[in-house]
Amino acid sequence: MGKLLAVVLVLIAIASAVPILMHTWWMPEDISTHGHMIDHQMSETMAESGIAFVAAQLVLATLVGMFGDKKDGRKAKHLPGGARLVVIAAVVLVGTEVLALGVFGKDAWAEVYFKKPPADALPIQVQAEQFGFYFRYAGPDGKLGPMHPDKIDEGNQNFFGLDPANDVDSRDDIVSASLVIPVNKPILLMMHAKDVGHSFYVRELRIQQDFVPGLDIPMHFTATKVGRYEIVCTQLCGLGHFNMRAFLEVKSQDDFEQWLKQQSQ
Amino acid sequence: MSSTALQPGQGSQSPAPALSGIWVAVAAITMSFAAFTSSLIIRQASDDWRHLVLPGILYLNTVIILASSVTLEVARKRISDLAAMRSWLYFTLGLGVAFLAGQAFAWHQLRAQGLYLASSPNSSFFYLLTALHALHVIGGLMGLAYTIRRATSVAVWRVATIEATAVYWHFLAALWVYLLLVLRTRL
Amino acid sequence: MSDASAPVVHQHAAPSKFIWKYVFSTDHKVIGKQYYGLALVSVFIGMMLSWLMRFHLVWTNAAIPGLQLLSKNGAPGGVMTPEYYLSLLTMHGTLMVFFVLTNAPFAGFGNYFLPIQIGAEDMAFPRFNMMSFWVTLVGFLVLIAAFFIPDGPPISGWTAYAPLSAVGKDAGPGLAWGQNLWAISIGLFCVGQLLGSLNFIATTLDLRTKGMTLSRLPISTWAWFITSCIGLLAFAVLLPACVLLILDRVAGTSFFIPAGLVISDHLQPHSGGSPLLWQHLFWFFGHPEVYIAIVPAIGIVSHILMASMRKPLLSVKVVYGSMITIGFLSYMVWGHHMFLSGMNPFSALVFSFPTLIITIPATIITMIWIGSIYGANLRFHTPSLFSLGFISVFVAGGVSGFFLAQPSLDIYLHGTYFVVGHFHFVMGVAAIFGILAGSYFWFPKMTGRMMNDTWGKVHFWFTFIGVYCIFMPFHYLGFAGNVRRYSSFVDDYLQPLLPVHKFITIAALITGAAQFIFLFNLIYSRFKGAPASDNPWDATSLEWSTTSPPPFDNFGGRHMVVRHGPNEYGVNGAHGDFIMQDSPEPEPAGD
């Protein structure tokens, strides 16, 4: 039974590792300026934890296979070095891993959260609601008009509760169901929740951020590749959570300006 | 069915479990009120707080509950004379009931001002904290009543009972002083 | 076997009437079995809910025959609606985390065996003990009632984030009375746990028999003691959270709900509350809760491993220290559930550090186990197989924690199946393995009969291979960015992942079916199992010094005197390679 367990442990370790090593199901291509830091951190962590996982299973397998009760009356004995060896090994191995990951990992986090958005970042408001995302651009006046919750009218597509009749700044605001942005330009999202908690996730951009009702949360990034990408909600928000999605369209600068002009008409 | 706890002196040589139990309960209750205090502090980040004038009777109630701690200590010192101890326990019980009556009056006064549970965050926390404290005081009154019952006969009397009751009751008095400070400075 | 000069003390007579003996019993052994029975019912309900969920994810539009009987609105014609999927998800999580993982290893085995292992006749407060079970049972019934109300159970997950959980029915089905029942149920559960912790702590401190010093406590008792300390402070915070949630829902307060929310076209009449406050309160409880789930299993597995290896661990004191360190650190890491929640990003780094550090004591414990196998005389029976399997799955669950502890990686992995894989491995597999190991190990003591070891081994192999087939692919799905809590997979990028989900579902159905082998073994052996001796495993702790099952007062009037530590294995004992704790033999000379 011990030998069988040993063999199964080895097989499990190998079977678990293979899809990871072969990147059978993996992260999509990174299209952001900061994503490479996250991807690098991911690979580092994968290497360290992968080795730890496989090594632990193999050592367990070996010992289980070797030290079954042979019923020969011999007494059990201890590992030379005893607990002390084990504790020192654990502290040194895991301690260094932990320090390395923690110290180097903070740079990727800082890149996203501590760095201030550049002054020329394009501001776009994102509103999450049950069950969709809407995006608002400031228009030529560069100002977003105020939102009035009591004026929200889904039926008439007034998702943001704008009052263009009374608020001058709202008149040229552009509301879109897709997040259309120019490539290689910093974008500043202002994230607002209309009803309950939601979250904004674009895998290729390597960004994710919760929407918190009552808070307006800034998030900035720069996309480096033209294309169409899915934005999905990752915070349980009700029955339509599975279906809550929008598209990020990264366009060339010219195409983006063209699109903007079309929206204004 | 009577408790099966081993008597002190049998088994291990540590204090009776009633005392360990009550200190554990005090730890848990402290933690709960710490959670409520944190909630208050976090909630105060919003700007919808409207200053609440505490009903004056709260200060009288504070004196009453502190007095009940004193009478309880007097009772504890009279442990050699069960009858005298019982009398002082009755005083304590009476003061406890008076405290609760005073708290009920304080709520009445707030209601008269039109302040109910959901009127403002201030009133929400006022009612919440005072009601939960009062609930624990009711528990304390039950403990006092139990102690009085046990004190009627030497055969069933155990020192641990009044020791544990005293820890709990003094804790409630101290908790009230703390809550009063929070209400006074934050609401 | 015990000190014949100690006085024979009968504290009380055993009750004879059925209601006092089996229903409102104050006997810790009956209460332990009641908790275990409740956990058993909960786990099978929870497992079947997961089958329904997994089935729906793969065959989304198929009718599940009979499901419409459970819920007319949730599954018209047997086809599950998206909201019903979320209801099942919420109930699955709530049942499993609370009514299984907190009940079985801690309240179940702990109640039964802690007093016996310390040589006491019962818990310190038997009536509080009885109350704690009954409060928990009422909590269970209140939760289950949510299945039977028209609107169904809540859809906000076991985490019940506000404002979704706080605003009421505008936010979705199940969020009116379903959510109320949930909050009441969990509030009652907190009360039950607090009473339980009180008992465990007072009993361990005060009712140890002569010679049972703290250092001679078996490792499983240490684990229950540490767990009760963690639980005391954690549940004392969840209870206030439930109170505040209920007030927001029914009394119009605004602890968690800010102003200006428009839900189902209604402007909500609340203002000033903070959704993050709920998250802080919940996770301040929620993180220690996962250690409440695993620490008893660590104790049980260590206990069984030593009896199975015929040697003590390299150092039990190091394991005690590690368990205590884990308990202490568990209160400092709750924010790692909230890296992306909108809290101050600097806090994320502050929480990340202790989260990474907590790996160290967990690794120390794991390496002590593995290192202890060197030189062992391992006996392979069902309890030891599950204990060895525990080590394997604990490592699997632990390494995925490395990823999630880092905020920068959490940016990508948060809210994906990677998280679901991580917590299922450590809780849904490892903690369950601890419960199963304990079940096979202690069944003889509790019933006087052995479980069938052959069928136990069959159960083990199906389960061990099965759980890897189910939960390892969750991590791959996570790397691909597969979002969790989705009732079906409609996004473009998820389509290529559907075959993985199919594989998982089939593995889950097979592995789940195998659990009935355990259930049948349990029930059959209870009545027809081979008779068990007092000490079928040649173990040392005090529960093996009494009959199987123990008499009403645990030791038949004997006043136990302890002369040895709990881990005297691999020594020259009078009856074999071990010395029992109350044996009158002298300590073995030398080492």
**Asked** B:Thr147 passes all but one of (1) open to solvent by 50 Å² or more (accessible area, probe 1.4 Å); (2) farther than 30 Å from C:Thr253 by Cα; which number fails?
**Response** (1)
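Picking from C:Phe433, C:Phe462, which residue would you name as being part of a helix (DSSP H, G or I) and within 28 Å of C:Ile116 (Cα to Cα)?
Values: C:Phe462 fails: within 28 Å of C:Ile116 (Cα to Cα).
Exactly one of C:Phe433, C:Phe462 is part of a helix (DSSP H, G or I) and within 28 Å of C:Ile116 (Cα to Cα), namely C:Phe433.
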**Item:** Candidate set from the stretch A:230-265 (those that are crowded, with 21+ Cβ neighbours inside 10 Å and farther than 22 Å from C:Ser341 by Cβ); member that is nearest to the chain's Cα centre (by Cα)
**Value:** A:Leu248
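Look through the stretch A:85-117, keep the residues that are aromatic (Phe, Trp, Tyr) and over 18 Å from C:Gly401 (Cα atoms), and return whichever of them is farthest from the other protein chains (Cβ to nearest Cβ).
A:Phe114
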**Request:** Return yes when A:Lys3 is open to solvent by 40 Å² or more (accessible area, probe 1.4 Å) and touching a Gly at 6+ places or on another chain (Cβ under 8 Å) and no when it is not.
**Result:** yes
**Fill in**
Across (1) at the interface with chain A (Cβ under 9 Å from one of its Cβ atoms); (2) under 20 Å from A:Ala55 (Cβ atoms), C:Phe394 clears everything bar (1)
**Asked** What residue, among those in the stretch A:83-142 that are open to solvent by 70 Å² or more (accessible area, probe 1.4 Å) and in contact with an Asp or Glu (Cβ under 9 Å, 6 or more places away or on another chain), is farthest from A:Met191 (Cα to Cα)?
**Response** A:Phe104
**Item:** Filtered residues of the stretch A:202-244 (kept if facing chain C (nearest Cβ under 7 Å) and not in a loop (DSSP other than H, G, I, E, B))
**Value:** A:Ile207, A:Gln208, A:Gln209, A:Asp210, A:Ile217, A:Glu230, A:Val232, A:His241, A:Phe242, A:Asn243
**Prompt:** Would a scan of the stretch C:377-385 turn up a residue that is at the interface with chain A (Cβ under 9 Å from one of its Cβ atoms), open to solvent by less than 30 Å² (accessible area, probe 1.4 Å), in contact (Cβ under 8 Å) with a residue 40 or more places away in the chain and within 28 Å of C:His280 (Cα to Cα)?
**Reply:** no
**Item:** Residue satisfying condition, being among the aliphatic types (A, V, I, L, M) and in contact (Cβ under 8 Å) with a residue 60 or more places away in the chain, within set C:Ile300, C:Ile326, C:Ile364, C:Ile360
**Value:** C:Ile300
**Message:** Test of understanding: among C:Thr204, C:Thr227, which residue is part of a helix (DSSP H, G or I), among the β-branched types (Val, Ile, Thr) and more than 16 Å from the chain's Cα centre (by Cα)?
**Reply:** C:Thr204
**Complete:** Filtering the stretch C:237-275 down to residues that are facing chain A (nearest Cβ under 8 Å), over 18 Å from A:Gly238 (Cα atoms) and of a type in the set (A, V, I, L, M, F, W, C) yields C:Ala259
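When you check C:Phe284 against the structure, is it among the aromatic types (Phe, Trp, Tyr) and within 14 Å of chain A (Cβ to nearest Cβ), yes or no?
Working: among the aromatic types (Phe, Trp, Tyr): yes; within 14 Å of chain A (Cβ to nearest Cβ): no.
It is false that C:Phe284 is among the aromatic types (Phe, Trp, Tyr) and within 14 Å of chain A (Cβ to nearest Cβ).
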**Request:** Answer yes if at least one residue in the stretch B:78-90 is buried (at least 16 other Cβ atoms within 10 Å of the Cβ), closer than 15 Å to B:Trp176 by Cβ and either touching a strand residue (DSSP E or B) at 6+ places or on another chain (Cβ under 8 Å) or without any contact (Cβ under 8 Å) to a residue 60 or more places away in the chain (or both), and no otherwise.
**Result:** no
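Against the condition out of contact with any Gly (no Cβ under 7 Å at 6 or more places or on another chain) and more than 10 Å from chain C (Cβ to nearest Cβ), how does A:Glu249 come out, does it pass? Explain how you work it out, then say what you get.
Details: out of contact with any Gly (no Cβ under 7 Å at 6 or more places or on another chain): yes; more than 10 Å from chain C (Cβ to nearest Cβ): yes.
Yes: the conditions hold for A:Glu249.
Quick check on this structure: which one of A:Gly238, A:Gly214 is among the small types (Gly, Ala, Ser) and over 22 Å from A:Pro123 (Cβ atoms)?
Residue meeting the stated conditions: A:Gly238.
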**Prompt:** When you scan the stretch C:169-186, how many residues do you find that are open to solvent by less than 10 Å² (accessible area, probe 1.4 Å) and out of contact with any strand residue (DSSP E or B) (no Cβ under 9 Å at 6 or more places or on another chain)?
**Reply:** 8
**Asked** Quick one: is C:Ser548 crowded, with 19+ Cβ neighbours inside 10 Å and not aliphatic (A, V, I, L, M)?
**Response** yes
**Asked** For residues in the stretch A:14-38 being part of a helix (DSSP H, G or I), among the aliphatic types (A, V, I, L, M) and more than 9 Å from every other protein chain (Cβ to nearest Cβ), which is farthest from the chain's Cα centre (by Cα)?
**Response** A:Ile14
**Message:** Restricting to the stretch C:101-132, and then to whatever is in contact with a Gly (Cβ under 7 Å, 6 or more places away or on another chain) and closer than 27 Å to C:Cys242 by Cα, can you tell me which residue is most open to solvent (accessible area, probe 1.4 Å)?
**Reply:** C:Phe125
**Request:** Those residues that are touching a strand residue (DSSP E or B) at 6+ places or on another chain (Cβ under 8 Å) and open to solvent by 30 Å² or more (accessible area, probe 1.4 Å), I need them from the stretch A:56-82; list them, please.
**Result:** A:Asp69, A:Lys75, A:Lys77
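The values are calculated or read from the model by the stated rules, or taken from the named source; none is laboratory data. Keep in mind that this is a model prediction, so the values were computed, not measured. Every residue, glycine among them, receives a Cβ derived from its backbone with ideal geometry; neighbour counts consider all protein chains shown. Protein only, heavy atoms only, side chains kept; ligands, DNA and RNA dropped before computing areas. Shrake-Rupley method; radii C 1.70, N 1.55, O 1.52, S 1.80 Å.
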